[in-house]
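Below: the structure, in structure tokens.
The values are calculated or read from the model by the stated rules, or taken from the named source; none is laboratory data. All figures in this text were calculated on a predicted structure; none of them were measured in a lab. Here the Cβ is made from the backbone with ideal geometry for all residues, glycine too, and neighbour counts use every protein chain on show.
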Amino acid sequence: MNDFLDQIFVRAKQMLLPLLTGAPDWVIQLASSLINIFALLGVFLTLFALISVLERKILGRMQNRYGPNRVGPFGLFQPVADGIKMLIKEDIVPVRADKVVHFLAPIMIAATAILALGVIPYGRNMTPFAIDGGILFFFAVGSTTELAVFMAGWGSNNKFSMLGAMRAIAQMISYELPLIITTFPVVMVVGALSPDAIVAAQGGYALGVMPHWFVTTPWGAAAFILFFVSGLVESNRTPFDVPEGESEIVAGHMTEYSGFKYATFFMAEYFGMFAISGLAVTLFLGGWHAPIAGLQFIPSYVWFFAKLSALLFVYIWFRGTLPRTRVDQIMNFAWKFMLPMAFTCLVSPAVWHYQGRGLAGWLWSLGVIVVVYVALTRLIDTRKKFATRTYRFAD
Amino acid sequence: MILAAALAAASLPTLIHAALSFAVAFVGIAAFFFLLGAEFVGLVQVFVYVGAVAVLIVFTILLTRRDAATPEKFNWGGVVIAIAVFNGLVWAIFLTPGLSIAPPQIEALTVKRIGEVLMTDYVWPLQCVGLVLTAALIGALILVMEEKNSKS
């Protein structure tokens, strides 16, 4: 019974495929991949619709008001209304915009975001595309997003868009380094780049109760925090949403996009959020494993989506609580603090490993991280130094 | 597809379009790497070339904008050099034994094997590459800092 619920989607697909017996081999492979893709798209498009309304409701509750609550019970049909609105809007393209580049940019951003979702294990035996270098594929595809953001800014032939795109790319490139370096500890400790192997390595339970997730180790916790913050920046979410700051540069590189193309950008941003959260769950929070050994009867994909939802809630929570940071503050933070801390997170699991992966290793790696953190926060002064104020008319 | 993209990169009038088709050519070369069985190299190709080099090229085009309206006359020197390079590459290709000999059975190249080889047999080149990268970073920092000093 437990196994049946857990593997229900795998079994369903295995029941569908024999309908094609007799077809040549490549057709069966193609059909198998297509089923995976459609399932993935179906799940995540639904999740996107849900999140778009849940985010507004959660933000609303944090601001002591109801979110959208007119369209359907508790406002849950709001995405339908939004979708219809986006579809029937007039598609305005600036006259002197670069038509090909302007058209291709939202498609490329959405495509790279969806590609990145394909390598994450959603449950036991439920990775859509189990590539051996899955983590590397994820980041390779993510770095293609920057080119697409540039295309969006350039194709609009608008100085604000260009400025917004350049700021977005500068931000995304700066934070790609901490993002990737914080995944190195996990890859080092597991010894493989494949997400399935990483999830499998987090499967045991110490004392039968505490899970072996990487976030319970000091370097894992530090790396998780750094990874999560870098993910916030990579997907251009508040408090780092300078590229789409509504009060500053009117939606930045997305200014000249109307209707469905804007919806595509919106969707690509959320899919980026899903992808980074999914990877954080895979790398640090144990993937589809249950937190306590006793709760393993709940299917694996339920655990995965529960953890994913918790991370998404934290994303929305940050958006509702924190003000936007300045661009130079963002850059300072990345290069002066996050990068050295990321390197510390690289040294720390080595210490943990060579001290025997037990309590001694735990304490030593904790010591390394704490020492570097305290040193960094004391020694780096990133406050802007203003000249002493001279008052001209008051005295 | 790679040939079409490379031709487009060399001949499109708008510089940004040329740079973007260059990125498409990079993706095509990554596809070649995948077909040859070197997945790690292919992924790193996408990562480094499309994610960094193409962005760099695009940024430089952006920041050093020239008038796109001046058509350049046909560059005969370029044609000579291109033909010379082509001949050199074709000669080198014909020098190899050819496809009639069965390729030797290589073990599948895993990332773990690449890591082991990098750290044992090729550790000197690895360190030299690290030094080159550090020098490039420091050079970039110095360039930026000189501008700041000269401005203030």
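Summary of computed values
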| quantity | calculated |
| --- | --- |
| The listed residue being at the interface with another protein chain (Cβ under 10 Å from one of its Cβ atoms), of a type in the set (G, A, S) and within 28 Å of B:P13 (Cβ to Cβ), out of A:G133, A:G153 | A:G153 |
| Search result, residues across segment A:82-112 that are more than 16 Å from A:F266 (Cα to Cα) and of a type in the set (A, V, I, L, M) | A:I88, A:I92, A:V93, A:V95, A:A97, A:V100, A:V101 |
| Complete set of residues in segment B:42-60 that are within 8 Å of chain A (Cβ to nearest Cβ) and surrounded by fewer than 16 Cβ atoms within 10 Å (Cβ to Cβ) | B:A52 |
| Residue match in segment A:23-43 (condition: closer than 27 Å to A:L115 by Cβ, out of contact with any helix residue (DSSP H, G or I) (no Cβ under 6 Å at 6 or more places or on another chain) and in a loop (DSSP other than H, G, I, E, B)) | yes |
| Complete set of residues in segment A:254-303 that are touching a strand residue (DSSP E or B) at 6+ places or on another chain (Cβ under 6 Å) and not in a loop (DSSP other than H, G, I, E, B) | A:A293 |
| Which numbered condition A:P94 fails, given (1) over 24 Å from A:F260 (Cβ atoms); (2) outside any helix (DSSP H, G or I) | (1) |
| Scan of segment A:135-181 for residues that are over 17 Å from A:L283 (Cβ atoms) and β-branched (V, I, T), ordered by number | A:T144, A:T145, A:V149, A:I169, A:I173 |
| Selection within segment B:118-133 - part of a loop (DSSP other than H, G, I, E, B) and not aromatic (F, W, Y) | B:D121 |
| Selected residue (only one of A:I114, A:I92 is more than 14 Å from chain B (Cβ to nearest Cβ) and surrounded by fewer than 18 Cβ atoms within 10 Å (Cβ to Cβ)) | A:I92 |
| Qualifying residues in segment A:303-335 (those that are at pLDDT below 85 and of a type in the set (D, E, K, R)) - the one surrounded by the most Cβ atoms within 10 Å (Cβ to Cβ) | A:R324 |
| Verdict on A:V141 being without any contact (Cβ under 8 Å) to a residue 40 or more places away in the chain, within 14 Å of chain B (Cβ to nearest Cβ), in a helix (DSSP H, G or I) and not basic (K, R) | yes |
| Criterion: within 12 Å of chain B (Cβ to nearest Cβ) and either basic (K, R) or under 21 Å from the mean Cα position of the chain (by Cα) (or both) - qualifying residue of A:I198, A:I180 | A:I180 |
| Complete set of residues in segment A:4-60 that are among the acidic types (D, E) and surrounded by 11 or more Cβ atoms within 10 Å (Cβ to Cβ) | A:D6, A:E55 |
| Residue, nearest to the other protein chains (Cβ to nearest Cβ), within segment B:5-14, restricted to residues that are touching a residue at least 12 places away in the same chain (Cβ under 8 Å) and part of a helix (DSSP H, G or I) | B:A8 |
| Test: residue in segment A:208-218 that is touching a Phe, Trp or Tyr at 6+ places or on another chain (Cβ under 7 Å), closer than 28 Å to B:V44 by Cβ and either among the small types (G, A, S) or in a loop (DSSP other than H, G, I, E, B) (or both) | no |
| Single unsatisfied condition, A:M108 versus (1) surrounded by 14 or more Cβ atoms within 10 Å (Cβ to Cβ); (2) in contact with a Gly (Cβ under 8 Å, 6 or more places away or on another chain) | (2) |
| Residue among A:V372, A:V351 that alone is surrounded by 15 or more Cβ atoms within 10 Å (Cβ to Cβ), hydrophobic (A, V, I, L, M, F, W, C), under 17 Å from A:F224 (Cβ atoms) and in contact with a Ser or Thr (Cβ under 8 Å, 6 or more places away or on another chain) | A:V372 |
| Filtered residues of segment A:167-195 (kept if surrounded by fewer than 21 Cβ atoms within 10 Å (Cβ to Cβ) and either touching a His at 6+ places or on another chain (Cβ under 9 Å) or over 19 Å from A:N332 (Cα atoms) (or both)) | A:F184, A:V187, A:M188, A:V189, A:V190, A:G191, A:A192 |
| Residues satisfying the stated conditions in segment B:15-41, i.e. part of a helix (DSSP H, G or I), in contact with a Gly (Cβ under 9 Å, 6 or more places away or on another chain) and more than 7 Å from chain A (Cβ to nearest Cβ) | B:I29, B:A30, B:A31, B:F32, B:F33, B:F34, B:L35 |
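Let's see how each residue does on (1) assigned by TED's automatic domain parsing to the domain that holds B:A10; (2) modelled with pLDDT of 85 or more:
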{"position": "B:V48", "(1), (2)": "yes, yes"}
{"position": "B:G51", "(1), (2)": "yes, no"}
{"position": "B:L63", "(1), (2)": "yes, no"}
{"position": "B:E72", "(1), (2)": "no, no"}
{"position": "B:V132", "(1), (2)": "no, yes"}
